[in-house]
1. Any residue in segment 158-178 that is part of a helix (DSSP H, G or I) and of a type outside the set (V, I, T)?
2. Return yes or no: is G197 touching a helix residue (DSSP H, G or I) at 6+ places or on another chain (Cβ under 7 Å), closer than 22 Å to Y51 by Cα and either at pLDDT below 90 or part of a helix (DSSP H, G or I) (or both)?
3. Only one of these is open to solvent by 50 Å² or more (accessible area, probe 1.4 Å), farther than 27 Å from A202 by Cβ, part of a loop (DSSP other than H, G, I, E, B) and charged (D, E, K, R): E321, E358. Name it.
4. Please enumerate the residues belonging to segment 283-318 that are open to solvent by less than 20 Å² (accessible area, probe 1.4 Å), at pLDDT 85 or above and either part of a loop (DSSP other than H, G, I, E, B) or basic (K, R) (or both).
5. Of these, A97, A68, A73, which one is of a type in the set (A, V, I, L, M, F, W, C), assigned to a helix (DSSP H, G or I), in contact with an Asp or Glu (Cβ under 9 Å, 6 or more places away or on another chain) and open to solvent by less than 50 Å² (accessible area, probe 1.4 Å)?
6. Kindly establish whether I59 is at pLDDT 95 or above, closer than 30 Å to A232 by Cα, part of a helix (DSSP H, G or I) and of a type in the set (V, I, T).
Amino acid sequence: MKKFDKERVLLAVAGPVIAMVLAIALTSIVLLASDRSPIEPYRLMLQQLSYSDVQVLIINQASLYYIAAIAVALGFRMNLFNIGVDGQYRLAAVMTAVVGANVSLPAALQVPLLLLVAMLTGAFWAGIAGVLKVTRGVSEVVATIMLNAIATSVIGYVTLADVWGVRVGDNMTTGTMHKSGWIPGISMGSGAGEIYGLVFLAVLLGVLYWVVLNRTRFGFDLRATGASETAAAASGVDAKRMVLVSMLISGAVAGLAGLPLLLGDTHTYSLSFPAGLGFTAIGIALLGRNNPGGIALAALLWAFLEKASPALDFASPTPYEKEIATIMEGLIVFAVVISYEAVRQWGLRRQQSRVGAELAAAAQNNSQTKEVAA
């Protein structure tokens with residue numbers, strides 16, 4: 001491998017590694033300050049990896065995080081901060097659940113219909129922010145935050161008893177979806193549970209994300225516009241069009257984030273459907289550096305912290321607070337910002353130093369050539 005390639009790999013790996021080391025170190029300091037062991041919580045959580053049911057939970061949760069993080073990463077590559085993934089995926093999930101409960105088609109038609117409903121709902125909700133940005137210059141951050149709040153109100157309306165809501169005990173749901181829209185999982189044996197069937201959708205989205213960004217003209221235009229709208233416009237790229245299309249695609253992917261759970265487990269949308277997935281996805285996309293492989297590892301890490309942390313309640317003789325995992329997640333995001341900026345600055349200095357050395361060498365060669373000619 002060439003020296004330049006080694007440096008590029010080093011720069012790509014250094015940020016996440018430094019972030020993880022910093023997060024572990026800071027979490028350990030918090031534990032020490034509380035007069036607790038800084039090693040025991042990690043040992044307890046790592047022990048959970050040997051249990052098949054925990055493994056299934058981690059993979060299932062990671063699939064949701066991965067899809068949502070891909071949606072966030074699409075925006076990041078365009079220099080857009082789509083903070084509305086949370087509202088987009090929840091609204092898409094509730095509309096998909098409503099259609100699934102009130103429309104009955106053969107499975108070959110029902111499943112594609114539900115996927116299409118989810119994508120169109122997410123794209124529509126993100127498209128509102130995209131239109132506001134390209135026509136009125138409204139920041140996508142402000143627009144998507146407001147749309148998250150509106151989405152919550154729309155969901156509350158949709159689940160009213162006199163709209164599409166169905167009361168089940170103390171919970172409001174959208175009713176059970178027709179079985180033709182259920183996607184069977186992969187059984188991992190007695191007691192272990194099932195891996196969601198739509199885990200494969202997450203893998204497919206990761207592959208498509210990489211191919212589109214790195215092997216298509218659209219991906220090049222998207223990355224070029226994200227790097228510099230002025231330069232992209234000079235090369236014939238319609239920057240406003242790219243902003244709108246990127247928001248639509250990001251929203252469509254976000255709309256799929258809740259489907260592994262909806263179609264593979266709950267088969268209804270209720271008040272207990274997970275919220276906050278879109279905000280977690282921001283940290284995962286950052287840690288994964290918007291790379292599909294890095295995002296996969298970050299999603300698995302986040303899912304591991306979430307699903308293994310309940311073991312801290314059973315520590316002997318004194319239980320640990322499982323919020324330690326939440327603290328670590330927050331510190332990872334904090335450390336990511338610091339480490340990536342430090343690595344970026346180091347990379348710039350290295351590049352400037354290398355260019356300076358090359359220019360000096362070229363000037364010296366020029367001078368020697370002139371002397372010989374004279």
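The values are calculated or read from the model by the stated rules, or taken from the named source; none is laboratory data. What you see is a predicted model, and the numbers here were worked out from it, not measured in a lab. Cβ placement follows ideal geometry from the backbone for every residue including glycine, while neighbour counts extend to all protein chains displayed. Quick note on the areas: whole protein, heavy atoms, side chains included, nothing else; ligands and nucleic acids left out. Shrake-Rupley method; radii C 1.70, N 1.55, O 1.52, S 1.80 Å.
1. At the first step, the residues of segment 158-178 found to be part of a helix (DSSP H, G or I) are 158.
Checking the rest, the ones that are also of a type outside the set (V, I, T) come to none.
Checked against the condition, which is being part of a helix (DSSP H, G or I) and of a type outside the set (V, I, T), segment 158-178 yields no hits at all.
2. Working: touching a helix residue (DSSP H, G or I) at 6+ places or on another chain (Cβ under 7 Å): yes; closer than 22 Å to Y51 by Cα: yes; either at pLDDT below 90 or part of a helix (DSSP H, G or I) (or both): no.
No.
3. Details: E358 fails: part of a loop (DSSP other than H, G, I, E, B).
Going through E321, E358 in turn, the sole match is E321.
4. Listed by number, the list holds a single entry, G288.
5. Numbers: A97 fails: in contact with an Asp or Glu (Cβ under 9 Å, 6 or more places away or on another chain); A73 fails: in contact with an Asp or Glu (Cβ under 9 Å, 6 or more places away or on another chain).
The match here is A68.
6. Details: at pLDDT 95 or above: yes; closer than 30 Å to A232 by Cα: no; part of a helix (DSSP H, G or I): yes; of a type in the set (V, I, T): yes.
Here the answer is no, as I59 does not meet what is asked.
The rows are residues; the columns are (1) within 30 Å of L160 (Cα to Cα); (2) touching a Leu at 6+ places or on another chain (Cβ under 6 Å).
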| site | (1), (2) |
| --- | --- |
| R223 | no, no |
| E229 | no, no |
| S235 | no, no |
| K240 | no, no |
| P260 | yes, yes |
| H267 | yes, no |
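Let's see how each residue does on (1) at pLDDT below 95; (2) open to solvent by 10 Å² or more (accessible area, probe 1.4 Å); (3) not aromatic (F, W, Y):
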residue	(1), (2), (3)
N79	yes, yes, yes
A93	no, no, yes
L114	no, no, yes
F124	no, yes, no
